Amino acid sequence: MARKRKTEDMSPAVSDSSEPVPTTGPVSFEIPQVVVFRLDEQLHALPIECVQEIQQIVEFTPVPGGSAALVGMIDLRGSVVPAIDLRALLGMPMIDYSLDTPMIFFRTHGRLVALLVDEVDDVVDLPDDCMQPPSNLYDLADRMIGICKLTQGLVIVLDPDRLVPDAAPSSGDVFGMEDAL
């Protein structure tokens with residue numbers, strides 16, 4: 001099932017938020033655990049409460065006219081779920097999919113989304129006061145909850161509701177994802 005990932009539209013997302021993001025001191029969050037995964041060698045995470053399941057890649061149906069990040073739709077036990085390539089969404093270089101490519105199914109905006117990542121590490125308990133707010137220098141600061149220092153290294157904790165645009169359908173837009181990605 002190897003498939004070459006698209007190489008178009010790989011420009012990094014730029015924050016359009018006018019709100020400043022604080023850059024010093026620990027941040028108090030109510031996130032006890034995260035699912036840690038890798039893109040290249042960088043560690044990323046999602047809060048465990050939004051993650052439904054993790055499985056290896058399955059066949060997906062391409063969506064014509066969608067963005068490079070929206071690689072297709074998946075039938076998951078009767079539910080149609082958009083499959084998003086996190087590398088494309090974050091503007092990273094693309095790699096080939098394989099049968100070992102993991103997908104993280106998580107809830108955002110009340111809907112289920114499949115996120116293709118390089119490797120899933122583990123579920124990790126977050127120590128108290130480990131979270132630091134993202135710097136405004138990071139292009140994706142508006143899509144992050146913060147950065148946590150763990151024994152494995154620095155982990156970018158992503159905000160599921162800001163990472164993926166609202167997946168609710170709108171008129172003339174396939175699953176509400178076409179323009180937002």
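Here is how the numbers come out for the structure above:
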{"read-out": "Within the range 102-136, tally of residues that are under 20 Å from Leu86 (Cβ atoms) and not in a loop (DSSP other than H, G, I, E, B)", "value": "19"}
{"read-out": "Residue ID - nearest to Ser79 (Cα to Cα), chosen from residues in the range 27-37 that are outside any strand (DSSP E or B) and β-branched (Val, Ile, Thr)", "value": "Ile31"}
{"read-out": "Qualifying residue in the range 118-135 (condition: under 14 Å from Val164 (Cα atoms), modelled with pLDDT of 90 or more and in contact with a helix residue (DSSP H, G or I) (Cβ under 9 Å, 6 or more places away or on another chain))", "value": "no"}
{"read-out": "Per-region count, the range 79-114, residues surrounded by 21 or more Cβ atoms within 10 Å (Cβ to Cβ) and either at positive phi or free of Cβ contacts under 8 Å to residues at least 40 places away in the same chain (or both)", "value": "2"}
{"read-out": "Residues located in the range 38-76, provided they are polar (S, T, N, Q), assigned to a strand (DSSP E or B) and touching a residue at least 24 places away in the same chain (Cβ under 8 Å)", "value": "Gln42, Gln52, Gln55, Gln56"}
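The values are calculated or read from the model by the stated rules, or taken from the named source; none is laboratory data. Here the structure is a predicted model, which is why all the values come from computation and not from measurement. Heads up, the Cβs are rebuilt from the backbone with ideal geometry, glycines too, and the neighbour counts pull from every protein chain shown.
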